[in-house]
Amino acid sequence: MTGNVSDFDLFGTDQAVAERRILTAGPLSAILEDGNLRTIRFAGVEAVRAINYLARDASWGTYKAELSNLQIWEGEAAFEVSYEGLCVGPQVSFSYRMKIVGKASGMLILEAEGVALADFPTNRTGFVVLHPSEAAGARLTIRHSGGEIEETTFPETISPDQPAFDISALTHEPEPGMICTVAMQGDAFEMEDQRNWTDASFKTYVRPLTKPRPYVIAKGSKDTQRVVVSIEAKSSASRPRAADRATLTLGGPAGRMPSMALFLDPDDLPAAVAAASQLGPAQEVIVRFDSGRGHDEHMLRKAAGFSASIGARLAIEAIFDTIDPGAEAKSVVDAIRLSGVDPSAILVSPRREFKTRASNMVPTGERPVGDVEAALKDTATEAAIGAGTPSFFTEFNRNPPAGDPDFVFFSNAAIVHAADDLSVMETLSVYPSVIATARRLSPQKPIWLGPCTIGMRHNPYGQSVAANPARARIPAASEDPRHGALFGAAFTVGVAAQAAAAGVDRLIIASPTGSFGLLGPTGIRHPLQAVHAELATAAGAERYEVLVDHPGIAAIAYRFGEYIRVMVANLTPAAVNVSVPPGTQLVGVIDKSANLMKPLHNQPTLEPYRSVVVQCQPTGKPTQVG
């Protein structure tokens, strides 16, 4: 169904994909990648999502460890891995020796001996254990450092704060009849619900956040940590592997497609105006308005002209200091009236939201966001008033907006903690929990979801986003090369599928130009421009339920004239067979230039990270499209 493409076309970078090796010892298996373990299975069942050893700097950036002396031995009943790691930064360095032993009995041991080669400031250095997000709501037994036992559950609704503290061991059931215990040594551990950042895991990490940070590992100081996983199962039968053929089953009408909005920083406005003819449609443009940066009515007038040129209305994200709500609301509304703009909405973004803070806390001297909403309504503005955060769902969850806004909003980024391809795509599985939690916090309020991007617009947890001049896969970066590649288009299809199924009102996935643009720096359309154009054309159309029996395939279905169109994406590095039944037309495959290209032959294979559009006639009954 798709032609051959280069790795650069897929990922936007020449950086090689990290080598992965599957280690096995009887029914125990794990993937070794960059010295860490992930997808730890027993009898085919995932028990632990990952165990990583990492070092973070004072801004929560993750050092890329240089590995050496890697040795791997495998036998039928055991495997062993050893290597040396070195984390180097400006005038700092930390080295460690790692030993990993896996046994067919279900025991897995990881031991790390570290030493600071120079004073090493860090927010966290040591082991991190990830439990699958699918464990939400399941039973959990915690052994505390004093030996006390606590019976609890993994949180069902996303927890804004740590659900577990003072941990020395965790025991859960990956499936009925299987018991997995993870014991940790070296310091106190605690858990956070990483679904807050759309990571598909519950993370148990070394060193409590209540301790001072950054802290310094003094030159010559040693740090030894150990993690032991023990798995017992009544049955050794492996769970069936996912089929290599995807079946998409269309159901009946299931609501409406969301409207599509673009986000726009005024600094990018000249480039957006120049590129307007290449962008395609949108229902809204959301421009940031910050008087502290000198934004005024002239900027709003230009932004409104740009919006009109692509057939969109202008919404205004206004940054508020929330110290004097009445005066601040009047200042914003005065600028809007002077500009002559009739905005569709005003999004209230408190400046305090650009940095993380404790749950349910309004800084001294500031006012709740509900006071700003009320002040805006007192000005008799006819625009809808939205409240939320310019940062991630994490901050929305910790400090949900007060008052009675007309809608709520928040954003997501896929590389806050991890930047490998699998982790990025895994974030899509968390969107239903994120949106469900938001609805509990703000019942019956429409949700404007986004920007939902791979990279981070800003860093609420450190001084800045990570620099990425080499255009590599690194956490906490703004510039991520996959955004403008075929990978980014497939990721965007995955976001849209989850957002539409959850009934969000607006979806924001890109800006016109810049680091998150539909277009590249030379004006060339990125592949996700084709995804955005298709979704914007379908905005408000009847959406159809679509069931997918393959975990690596995303699909979204909607009415398109007399047809039902289905946009389908392969989110995996492996080809997936897709058979197209008689009567289904292949509209096209999204290529690297954002064209819908029709192949010469209808091959039944969807290649890695490729996206296609097909269409069929509605039948009035479930229809197989796969």
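Read-outs throughout are calculated quantities, based only on the coordinates presented, and are distinct from any laboratory measurement. Owing to the predicted nature of the structure, the values given are computational and were not obtained by experimental measurement. For neighbour counting, all protein chains shown are included, and Cβ atoms are generated from backbone atoms with ideal geometry for every residue, glycine included.
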(request) Within 10 Å, count the other beta carbons around each residue, average over each peptide in 489-497, 344-352, and list them highest first. (result) 489-497, 344-352
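For the stretch 28-233, what does the alpha-carbon gyration tensor say about shape, rounded, prolate or oblate, given a ≥ b ≥ c as the root eigenvalues, a/c under 1.5 as rounded, and a/b over b/c as prolate? Walk me through the numbers before you get to the answer.
Values: a/c = 1.88, a/b = 1.22, b/c = 1.55.
Judged from the Cα gyration tensor, the stretch 28-233 comes out oblate (a/c at least 1.5, b/c at or above a/b).
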(request) May I ask which residue of VAL424, THR204, GLY126 lies farthest towards the positive end of the charge dipole of the chain, with charges of +1 (Lys, Arg) and -1 (Asp, Glu) on Cβ and the Cα centre as origin? (result) VAL424
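Quick one: grab the alpha carbon gyration tensor of the stretch 469-533, order the square roots of its eigenvalues as a ≥ b ≥ c, and give me rounded if a/c is under 1.5, else prolate or oblate depending on whether a/b is larger than b/c. Intermediate values should be presented prior to the final figure.
On the way: a/c = 2.11, a/b = 1.51, b/c = 1.39.
Here the stretch 469-533 falls in the prolate category.
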(request) Averaging sequence separations of C-alpha pairs under 8 Å and six or more residues apart, then dividing by the length of the stretch 260-544, give the relative contact order as a whole percent. (result) 18 percent
(message) Under the 0.36 nm per residue contour assumption, what length would be gained going from the current alpha-carbon distance of ASP342 and GLN15 to full extension?
(response) 113.1 nm
(request) Work out the length of the dipole vector of the stretch 162-306 about its Cα centre, built from +1 on the beta-carbon of each Lys and Arg and -1 on the beta-carbon of each Asp and Glu, and round it to the nearest 20 debye. (result) 360 debye
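Which value, in debye to the nearest 20, describes the size of the charge dipole of the chain about its Cα centre when Lys and Arg Cβ atoms bear +1, Asp and Glu Cβ atoms bear -1, and nothing else is charged? Before the final figure, lay out each step's value.
Numbers: 56 positive and 68 negative charges, 120 e Å.
Rounded to the nearest 20 debye, it is 580 debye.
Rounded, prolate or oblate for the stretch 76-159? Axes are the square roots of the Cα gyration tensor eigenvalues, ordered a ≥ b ≥ c, and the cut-off for rounded is a/c under 1.5. Show your work: numbers first, answer last.
Details: a/c = 2.36, a/b = 1.42, b/c = 1.66.
Oblate, since a/c reaches 1.5 and b/c is not below a/b.
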(request) Give the order of ILE286, ILE142 when sorted by the count of other beta carbons within 10 angstrom, beginning with the fewest. (result) ILE142, ILE286
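What is the fewest-to-most order of ILE179, ILE149 by other Cβ atoms lying within 10 Å of their Cβ? Please list the in-between numbers first.
Values: ILE179 16, ILE149 10.
Neighbour counts put them in this order, fewest first: ILE149, ILE179.
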(request) Name the residue farthest towards the positive end of the dipole of the stretch 514-608 from the options SER579, PRO527, ILE556, assuming +1 on Cβ of Lys and Arg, -1 on Cβ of Asp and Glu, about the Cα centre. (result) PRO527
(request) Report, in degrees rounded to the nearest 10, the 0 to 90 angle that the Cα long axis of helix 325-339 makes with the longest principal axis of the chain. (result) 50 degrees
(message) Could you tell me which residue out of ASN459, LEU10, ILE286 lies farthest along the dipole of the chain toward its positive end? Charges go on the beta carbon: Lys and Arg +1, Asp and Glu -1, centred on the Cα centre.
(response) LEU10
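Need one number: % antiparallel among DSSP beta bridges in the chain, to the nearest 5.
Expressed as a percentage, antiparallel bridges in the chain total about 75.
Highest first, please rank the peptides 207-214, 425-432 by the mean number of other Cβ atoms sitting within 10 Å of their residues.
425-432, 207-214
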(request) Enter the angle in degrees (range 0 to 90, nearest 10) between the Cα long axis of helix 527-537 and the first principal axis of the Cα atoms of the chain, meaning the one along which they spread out most. (result) 50 degrees
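Can you show me the helix-derived [θ] at 222 nm for the chain, built from DSSP H runs with n ≥ 4 at -39,500 (n - 2.57) apiece and divided by the number of residues, rounded to the nearest 500.
For the chain, the value works out to -4500 deg cm²/dmol.
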(request) Please give the helix 297-309 orientation as an angle from the longest Cα principal axis of the chain, in degrees from 0 to 90, rounded to the nearest 10. (result) 90 degrees
(message) For a quick check: sort VAL5, VAL612 by the number of other beta carbons within 10 angstrom, fewest at the front.
(response) VAL5, VAL612
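Which peptide among 533-542, 565-574 comes first, and what is the full order, when sorted by highest mean count of other Cβ atoms within 10 Å?
Taking the mean over residues of other Cβ atoms within 10 Å, the ranking is 565-574, 533-542.
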(request) Quick one: net charge around PRO266, please, counting Lys, Arg +1 and Asp, Glu -1 for every other residue with C-beta under 13 Å from its C-beta. (result) -3
(message) Let me check I've understood the local charge: for THR381, count other residues with C-beta under 12 angstrom from its C-beta, Lys and Arg +1, Asp and Glu -1. What total comes out?
(response) -3
(message) Suppose every Lys and Arg Cβ carries +1 and every Asp and Glu Cβ carries -1, with no other charges. What dipole size does the stretch 259-307 come out with about its Cα centre, to the nearest 20 debye?
(response) 100 debye
